[in-house]
Amino acid sequence: MADTYSSSAPWFERLIARIGLVPAYRLHNAANIGDADPAIFEYMPAGYLADQHPPAKGRNKKFGGYMPNVDRGALWQGTTAQLAGLYPFVSAAGAQVRGVPFGRHMHTAEPIGLDPAQWLIDGLVTNTGIWCQMQPGAGKSTFSKRLGMGLVGFGFMMMVPGDLKDEYRDLIEAMRGDYFALGRGLHSVNPLDRGMLRPIIAASIGVQKNRLVETARARRLDLFESLLVIGGLPRLTPTWKLFLARAVDITQDGTKDNTDPTIPDVLRVMNQGPELLRNVLVVETELEYRRETREIRNALELMVEGPLRGIFDRPSSFEITPDTPAIGLGLSSVDRDTNEVVAAAMLCAQSWCSSVIDAQQVSGTRRNIFIPRDEMWRALRAGHGLVEIMDRATRMDRKDGIVTAYSTHSLTDLDALATEEDRAKAKGLAARNGIKVWGGMDDAELRRVSEISPLTDRERALLASWQAPPTWVPGLAHPGRGKYLIKSGSRLGLPVAVTLTETEKVLYNTDGAFDTITRNTVVERLRRAGAAA
């Protein structure tokens, strides 16, 4: 850049010569060099000519005016770590694509990979639990299905213990997995069935065999306690826990060829009332025993004679292959029943799936497992204490190699739980998940979410903008469908947009009941109605 000076003193010329500048005539609206004033010099870097390098303000030629000359800026390159002090990057970096390619960052378009297991190994999260929450129809099922299909491709086994709407059936069958519809006149499952664990116990010896037997026994006792709570009983006291444990042991000892008992078998032992059971209750007469055990026997009787008859009161009617990529137990036949019936069905299905997990852990074909849990609150709200039972089971997910994805529409589901203690534990269960996936929600729900997961003002505004279309014009895509904010701790969230393939649009569709409802068919129906009138 040139500077202009009006001094022609010898000392000034010597000074500028020492720093590499040479004098050049500056033109003042002159048509030729002869009109220039030699007493006024423009000093420019050596090697440059005035005609080739005009000053910053440009040359003010006659009838032309100034035309500024802007020097080309210098280009500097560096890493984000080096340049962060000079330029504060406000866009958060994405996640490494190690695992399931989930979607693209909405601001940078970089691919985002979601892999809870790999994130645990990399130290990004402390557990593999996922909490997914958004409005109905915004993509909650799509999230679980894409993640599940991707994890299966990387060697996981997908397990759906209680599909109330049969929405995972198409996906599981497309992956060549095993899907069994449970219900009246359909398949049945024995929740006391040790399944794949039975031959392993038979082949084991010593300490390992005792450990497996005790593991299966403890799982049965947990199931029975849950069923009794659902049946209306309070949490079992130590006396009734001992009574239940002895009833299960007596039933197992009375089976032939080490087969698995059923719920009616346990109920039959309770009705008979052997001496070991009477000693627990300290009763002497038959009438005293029947009065003391009336409630617990009637609660189990409902499993045999009530709405669940024919589903969980007989031996399992199916078997799975050891290397199946996915397992699903459909419960759509009880979806419209009461919460107590749905809760009992979900817990029985979960107990059977847990036996499969136990067998996976001790066999030579151990695999990691992905479990999507939809509508879980329908089971937990059926009785006091069920939250604690589920909470106790999920604390072992990291040890057992399990990735669990909980899905819900609103944290207000917690308000329907039986007691304040259950509601507090349920909030802890939600907050403890290492990964949170949020979708579109209203301001009231955002305030509840902020209690368990910190959100910035920009993140709150983004989620609020996804809750509803801006206009009432039909045909516009919902602004929140297929958009997710992935959070972990206090890190900035990853806003991700998911684009489905044509195959995925078919497999993930949960609105199949409305496929025939189109604008054209409605118009045609109105036309026919008018013609008939």
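On the principal axes of its alpha carbon atoms, region 150-259 extends 47, 40, 28 Å, with the longest extent given first.
Got a number for carbon plus sulfur as a percent of region 225-352's accessible area, 1.4 Å probe? Carbon and sulfur together cover 50 percent of it. Karplus-derived 3J(HN,Hα) values for region 120-133, using 6.51 cos²θ - 1.76 cosθ + 1.60 with θ = phi - 60°, are 5, 5, 6, x, 7, 9, 9, 8, 9, x, 10, 10, 10, 9 Hz; glycine and proline are entered as x.
No solvent, one uniform scatterer per C-alpha: report log10 I(q)/I(0) for region 205-267 via the Debye equation at q = 0.23, 0.26 1/Å, two decimals. The Cα Debye sum returns log10 ratios of -1.05, -1.22.
Between residue 108 and residue 121, the modelled label-to-label distance comes to 2.3 nm, taking each label 7 Å out from Cα in the direction of the beta carbon.
What a 1.4 Å probe finds exposed on region 406-449 is 48% carbon and sulfur by accessible area, rounded to a whole percent. Dipole magnitude for region 104-206: computed about the Cα centre from +1 point charges on Lys and Arg Cβ and -1 point charges on Asp and Glu Cβ, it is near 200 debye. Over 19 Å apart at the Cα level, from the set 436/483; 145/505; 165/487; 241/425; 165/436, are 165/487; 241/425; 165/436. Taking trypsin sites (Lys or Arg not before Pro) across region 247-348, the ones in a DSSP loop with at most 10 further Cβ atoms lying within 10 angstrom of their Cβ are 256, 336.
Sites listed here are chymotrypsin sites (Phe, Trp or Tyr not before Pro) in region 232-323 whose DSSP assignment is loop and whose Cβ has at most 13 other Cβ atoms within 10 Å: 318.
The values are calculated or read from the model by the stated rules, or taken from the named source; none is laboratory data. As the structure is a computational prediction, the values presented were derived from the model and not from experiment. For neighbour counting, all protein chains shown are included, and Cβ atoms are generated from backbone atoms with ideal geometry for every residue, glycine included. Heavy atoms of the whole protein, side chains included, go into the accessibility calculation; ligands, DNA and RNA do not. Shrake-Rupley method; radii C 1.70, N 1.55, O 1.52, S 1.80 Å.
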